[in-house]
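Enquirer: Below is the structure I would like to discuss, written out as structure tokens.
FYI, it's all coordinate maths here, none of it is from the lab. Keep in mind it's a predicted model, so treat the numbers as computed, not measured. Cβ placement follows ideal geometry from the backbone for every residue including glycine, while neighbour counts extend to all protein chains displayed.
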Amino acid sequence: MTDANNDHLNSLNNAAHDGCAEFQAQLPELIGDNQDASLHPHVQGCANCAELVRDLMYIAQQAKLLLPLHDPSPELWNKIEAQLPTKG
């Protein structure tokens with residue numbers, strides 16, 4: 001490969017990396033606003049960021065399974081409170 005070709009590939013890689021960094025900087029806001037990050041234009045053309053979004057969506061779905069389906073009863077809270085040492 002010639003130096004000109006290497007320079008061109010490096011500039012393309014840098015531009016792609018800059019796009020990824022910009023998208024990833026926006027990602028918390030997109031998720032916080034309940035937007036579907038997989039529909040973002042950058043994700044449509046970037047396999048790395050598309051994979052990142054898929055992974056984050058999977059983690060979020062799995063994390064929901066860790067939460068209790070029902071709030072503990074008031075009786076349980078009373079039992080827990082009774083077991084705590086009192087101040088003073």
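Enquirer: So residue 52 passes all but one of these: (1) without any contact (Cβ under 8 Å) to a residue 24 or more places away in the chain; (2) closer than 21 Å to residue 24 by Cβ; (3) surrounded by 10 or more Cβ atoms within 10 Å (Cβ to Cβ). Which condition number does it fail?
Expert: Residue 52 satisfies all of (1) without any contact (Cβ under 8 Å) to a residue 24 or more places away in the chain; (2) closer than 21 Å to residue 24 by Cβ; (3) surrounded by 10 or more Cβ atoms within 10 Å (Cβ to Cβ) except (1).
Enquirer: Quickly run through the stretch 39-87 and pick out the residues that are assigned to a helix (DSSP H, G or I), aliphatic (A, V, I, L, M) and more than 30 Å from residue 22 (Cβ to Cβ).
Expert: 65, 66, 76, 80, 82
Enquirer: Quick check on my filter: what residues within the stretch 28-38 are in a helix (DSSP H, G or I) and within 22 Å of residue 18 (Cβ to Cβ)?
Expert: Passing the criteria: 28, 29, 30, 31, 37, 38.
Enquirer: Go through the stretch 60-88 and count every residue that is within 30 Å of residue 24 (Cβ to Cβ) and surrounded by 10 or more Cβ atoms within 10 Å (Cβ to Cβ).
Expert: Total satisfying the criteria: 1.
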